[in-house]
Amino acid sequence: MGEARAKQLADRIQVLVAELLERRVKDPRLGFVTVTDARLTGDLREASIFYTVYGDEQARASTAAALESARGLIRSEVGKALGLRHTPSVAFFLDAVPENAGQIEELLAKAREADAEVAKAAAGAKPAGEADPYKQPRHDDEDDED
């Protein structure tokens, strides 16, 4: 199978799993889940589903348990909807994108503060050497008279 076909099926699996979690899976442990990505191996045998959960660590743990218990139902429904010869196995992974984005935002804020301090310090600064540190071509007056 081609890489484009695997990507197309992964997108379809992402939509199917999101709909199944919304409509079919009635587990009370399931929190506010968002399916962020789905990836399918090149041989279409394994599907990795990435998700985020709104809430604390307790909500993440209970949602992971609910997804693990509903994995068989989700796999069978995905298999029926896709109509492939072999239904891919499904594995769920907590997506770390929100936490990484928060860390990146903190680092960017620190960088902005450091840039502001440097700009404030450089506001009244003068060059250490000459005003124009680049070498200028010499003009010999003697050569001009010849």
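The values are calculated or read from the model by the stated rules, or taken from the named source; none is laboratory data. Everything numeric in this text was worked out from a predicted model, so none of it was measured. Note: ideal-geometry Cβ built from the backbone for every residue, glycine included; neighbour counts use all protein chains shown. Heads up: the accessible areas ignore ligands, DNA and RNA and are worked out on the full protein's heavy atoms, side chains in. Shrake-Rupley method; radii C 1.70, N 1.55, O 1.52, S 1.80 Å.
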Of the residues in region 61-80, those that are over 15 Å from GLN14 (Cα atoms), surrounded by 17 or more Cβ atoms within 10 Å (Cβ to Cβ) and not aliphatic (A, V, I, L, M) number 2
Of these, LYS120, LYS80, which one is charged (D, E, K, R) and either within 24 Å of VAL17 (Cα to Cα) or in contact with a strand residue (DSSP E or B) (Cβ under 9 Å, 6 or more places away or on another chain) (or both)?
LYS80
So which residues in region 88-113 are at pLDDT below 90 and in contact with a Ser or Thr (Cβ under 7 Å, 6 or more places away or on another chain), if there are any at all?
ASP95, VAL97, PRO98
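Table: residues versus (1) touching a His at 6+ places or on another chain (Cβ under 9 Å); (2) within 16 Å of SER69 (Cα to Cα); (3) surrounded by 17 or more Cβ atoms within 10 Å (Cβ to Cβ).
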position: ARG5; (1), (2), (3): no, no, no
position: LEU9; (1), (2), (3): no, no, yes
position: GLN14; (1), (2), (3): no, no, yes
position: LEU21; (1), (2), (3): no, yes, yes
position: ARG24; (1), (2), (3): no, yes, no
position: ASP27; (1), (2), (3): no, yes, no
position: THR34; (1), (2), (3): no, no, no
position: ASP37; (1), (2), (3): no, no, no
position: LEU44; (1), (2), (3): yes, no, yes
Scanning for something open to solvent by 40 Å² or more (accessible area, probe 1.4 Å), under 17 Å from ASP11 (Cα atoms) and either touching a strand residue (DSSP E or B) at 6+ places or on another chain (Cβ under 9 Å) or of a type in the set (Phe, Trp, Tyr) (or both), does region 95-113 turn up at least one residue?
no
Check whether at least one residue in region 93-116 is closer than 17 Å to ARG45 by Cβ, in contact (Cβ under 8 Å) with a residue 24 or more places away in the chain and in contact with a helix residue (DSSP H, G or I) (Cβ under 8 Å, 6 or more places away or on another chain), and report yes or no.
no
Enumerate the pairs (first residue in region 29-57 and closer than 19 Å to VAL97 by Cα; second residue anywhere and among the basic types (Lys, Arg) and surrounded by 15 or more Cβ atoms within 10 Å (Cβ to Cβ)) with beta-carbon separation below 6 Å, excluding pairs fewer than 6 apart on the same chain, so at least 6 apart or on different chains.
SER48/ARG39; VAL53/ARG60
Just give me the residues in region 46-60 being open to solvent by 90 Å² or more (accessible area, probe 1.4 Å) and among the hydroxyl-bearing types (Ser, Thr, Tyr), in sequence order.
TYR54
